[in-house]
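Q: Got a structure here, written out as structure tokens. Questions coming.
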Amino acid sequence: MPSVRPAAVAGSFYPADPARLESVVERCLAAAGAATRAPRALIAPHAGYVYSGPVAGTAYAQLAGLRERVRRVLLLGPAHRMRFEGIAVSEADSFETPLGRVPVDAAARDLALELPRVQRLEAAHAREHSLEVQLPFLQRVLREISLVPFAVGDASGDEVAELIELLWQDEETLVVVSSDLSHYLPYDEARRVDAATCRAIEELRPEAIAWEQACGRVPLQGLLRVAQRRGLRATTLDLRSSGDTAGGRDEVVGYGAWSFA
């Protein structure tokens, strides 16, 4: 019987009601600027939509012209709920949100499992929000897609890069890395730290991103290594914090959005 990874953070990170969720996502997309170059990859944040949704919207608005082209999304994010070695893929046949189910590409998952650092580990996905919060945006901006979801644990940027290179073979595949930036710094200090992270991403310098600069540091590093090899250019779409969107400024969390083309 097909298995479904149910929505774990609907009602907390984003609305559980489908109509309300759709409205929130559309509002975030509508507030974004016009698309520039069609991206091959994106970096988007993963906090509650009230905090990071407007920034995520600037990333996903770039996909407006790719609705008919993109058929598969390689989605990578950090594991927050448990610690484990390597990279975990879900055993589920689909991931569910209030907007419906997104099927998992079983063939791509099996191919990824040939890498020594990739393992089946459903527990890593059961309550993880970093991947789930990206799905309603993908469901709204793309037509029919399959998903290859990876939670990144104790791994290296090179190991993530190897995985991305293995699965990113055509223009029908979009790579999305989920990451927030600095955590719980005063507003002005967070701006300085996040600006340095932004420069490192724009300059494709994975070694310049320290662990405290981005919770998704390892998948970020993997994407930047692949971008170097493929001659892609990173474009900053947005760089803000919770102090700009929906919170106070004593302790903020940083959010950014980038496209790669």
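Q: Yes or no: segment 55-67 includes at least one residue that is of a type outside the set (Lys, Arg) and more than 20 Å from Leu174 (Cα to Cα).
A: no
Q: Among (1) open to solvent by 60 Å² or more (accessible area, probe 1.4 Å); (2) closer than 19 Å to Pro39 by Cβ, which single condition is His183 missing?
A: Only one criterion is unmet by His183, namely (2).
Q: In addition: Would you check which residues across segment 1-28 are of a type in the set (Val, Ile, Thr), out of contact with any Asp or Glu (no Cβ under 7 Å at 6 or more places or on another chain) and in contact (Cβ under 8 Å) with a residue 60 or more places away in the chain and list them?
A: Answer for segment 1-28, where residues must be of a type in the set (Val, Ile, Thr), out of contact with any Asp or Glu (no Cβ under 7 Å at 6 or more places or on another chain) and in contact (Cβ under 8 Å) with a residue 60 or more places away in the chain: just Val25.
Q: Still on this model: Determine whether Leu166 is at pLDDT 95 or above and buried (at least 18 other Cβ atoms within 10 Å of the Cβ).
A: No; evaluated as a whole, the condition is false for this residue.
Q: Here are Glu91, Glu122, Glu114, Glu159: which of them is touching a strand residue (DSSP E or B) at 6+ places or on another chain (Cβ under 9 Å), open to solvent by 60 Å² or more (accessible area, probe 1.4 Å) and more than 26 Å from Cys28 (Cα to Cα)?
A: None of the other options fit; the residue is Glu91.
Q: In a strand (DSSP E or B), small (Gly, Ala, Ser) and buried (at least 19 other Cβ atoms within 10 Å of the Cβ): does that describe Gly77?
A: yes
Q: So the check is Cβ under 6 Å with 6+ separation or different chains; which pairs have a first residue in segment 234-261 that's in a loop (DSSP other than H, G, I, E, B) and a second one that's buried (at least 16 other Cβ atoms within 10 Å of the Cβ) and not polar (S, T, N, Q)?
A: That search, which allows pairs on different chains as well, returns Ala246/Tyr51; Arg249/Tyr187; Arg249/Gly243; Ala261/Pro39; Ala261/Arg40.
Q: In segment 15-29, is there at least one residue being under 21 Å from Glu128 (Cα atoms), surrounded by fewer than 23 Cβ atoms within 10 Å (Cβ to Cβ) and under 17 Å from the mean Cα position of the chain (by Cα)?
A: no
Q: Oh, and also: Can you spot a residue in segment 57-65 that is over 22 Å from Ala161 (Cα atoms), aliphatic (A, V, I, L, M), open to solvent by 50 Å² or more (accessible area, probe 1.4 Å) and in contact with a Pro (Cβ under 8 Å, 6 or more places away or on another chain)?
A: no
Q: Quick one: count up the residues across segment 81-102 that are over 27 Å from Pro39 (Cα atoms) and not charged (D, E, K, R).
A: So the count comes out to 4.
Q: Taking the condition in contact with a Ser or Thr (Cβ under 7 Å, 6 or more places away or on another chain), in contact (Cβ under 8 Å) with a residue 24 or more places away in the chain, in a helix (DSSP H, G or I) and open to solvent by less than 10 Å² (accessible area, probe 1.4 Å), does Ala227 pass?
A: No, not satisfied.
Q: Continuing with this model, one more query. Please go through segment 33-53 and pick out each residue that is more than 12 Å from Gly256 (Cβ to Cβ) and either of a type outside the set (Gly, Ala, Ser) or surrounded by fewer than 21 Cβ atoms within 10 Å (Cβ to Cβ) (or both).
A: Result: Gly33, Ala34, Ala35, Thr36, Arg37, Ala38, Pro39, Arg40, Gly48, Tyr49, Val50, Tyr51.
Q: Please enumerate the residues belonging to segment 171-197 that are under 18 Å from Leu66 (Cβ atoms) and at pLDDT 95 or above.
A: Glu172, Thr173, Leu174, Val175, Val176, Val177
Q: Right, next: Report every pair of residues separated by at least 6 positions or lying on different chains whose Cβ atoms are under 8 Å apart, first residue within segment 177-197 and part of a strand (DSSP E or B), second open to solvent by 30 Å² or more (accessible area, probe 1.4 Å).
A: Note: pairs meeting the criteria are His183/Glu212; His183/Cys215; Tyr184/Glu251; Leu185/Val193; Leu185/Glu251.
The values are calculated or read from the model by the stated rules, or taken from the named source; none is laboratory data. From a predicted model like this one, the values you see are computed outputs, not experimental measurements. Every residue, glycine among them, receives a Cβ derived from its backbone with ideal geometry; neighbour counts consider all protein chains shown. These area figures cover heavy atoms from the full protein model, side chains too; ligands, DNA and RNA do not enter into them. Shrake-Rupley method; radii C 1.70, N 1.55, O 1.52, S 1.80 Å.
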